[in-house]
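Notes for the one structure printed next.
The values are calculated or read from the model by the stated rules, or taken from the named source; none is laboratory data. Model, not experiment: these values are computed from the prediction. Here Cβ is always computed from backbone atoms with ideal geometry, including for glycine, and neighbour counts include all displayed protein chains.
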Amino acid sequence: MIKTVSTPSAPAAIGPYSQAKQTGNLLFTSGQIPLDPATGTLVGTEIRAQTEQVMKNLGEVLKAAGTDFDHVVKTTCFLADIADFAAFNEVYASFITSAPARSCFAVKALPKGALVEVEVIAEVE
């Protein structure tokens, strides 16, 4: 059975997708960009502030599913500029300390001009 996970504590989808889907004990989140959940506007103008908001948004989706960052098994990280890699890692590592599998790469552009987007796969106990 596939369950849709949704919370008003994270930004609403800006397209035809959900915040996350759970099947069995695995949660697959959609990519989160640095949007304020209340206003839907982009938060921050530099990578650290934007990464902080992305991780807060992901934390809320994980919480809504009954899990947390300690149960993340895989992340996929998208950066608008690979030169932001070190600064991104500093903030990312303050949220995710369990060293899950990860892919991180630069892309040409992200929705709404965001500098960062992150999606996760997590275990739900």
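Table: residues versus (1) in contact (Cβ under 8 Å) with a residue 24 or more places away in the chain; (2) of a type in the set (F, W, Y); (3) surrounded by 12 or more Cβ atoms within 10 Å (Cβ to Cβ).
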position	(1), (2), (3)
T75	yes, no, yes
D81	yes, no, yes
F95	yes, yes, yes
A99	no, no, no
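Within the stretch 14-22, at least one residue is at pLDDT below 95, hydrophobic (A, V, I, L, M, F, W, C) and under 16 Å from E117 (Cβ atoms). Looking at the stretch 23-82, which of its residues are of a type in the set (A, V, I, L, M, F, W, C) and assigned to a strand (DSSP E or B)? Answer for the stretch 23-82, where residues must be of a type in the set (A, V, I, L, M, F, W, C) and assigned to a strand (DSSP E or B): L26, L27, F28, L35, L42, V72, V73, C77, F78, L79. Applying the criterion of being touching a Ser or Thr at 6+ places or on another chain (Cβ under 8 Å) and of a type in the set (S, T, N, Q) to the residues of the stretch 1-21, the residue that is surrounded by the most Cβ atoms within 10 Å (Cβ to Cβ) is Q19.
Counting the residues of the stretch 29-73 that are modelled with pLDDT under 95 and surrounded by 15 or more Cβ atoms within 10 Å (Cβ to Cβ) gives 0.
Just so you know, in the stretch 83-125 the residues that are among the aliphatic types (A, V, I, L, M) and in a strand (DSSP E or B) include one that is farthest from L35 (Cα to Cα), and it is A101.
Sub-6 Å Cβ pairs linking a first residue in the stretch 33-47 that is within 14 Å of A87 (Cα to Cα) and of a type in the set (A, V, I, L, M, F, W, C) to a second residue that is modelled with pLDDT of 95 or more and crowded, with 16+ Cβ neighbours inside 10 Å, at least 6 apart or interchain, are I47/D84; I47/A87; I47/F88; I47/L115, ordered by first then second residue.
Can you say whether T29 is of a type in the set (S, T, Y) and without any contact (Cβ under 8 Å) to a residue 24 or more places away in the chain, as far as the supplied structure shows? No, not satisfied.
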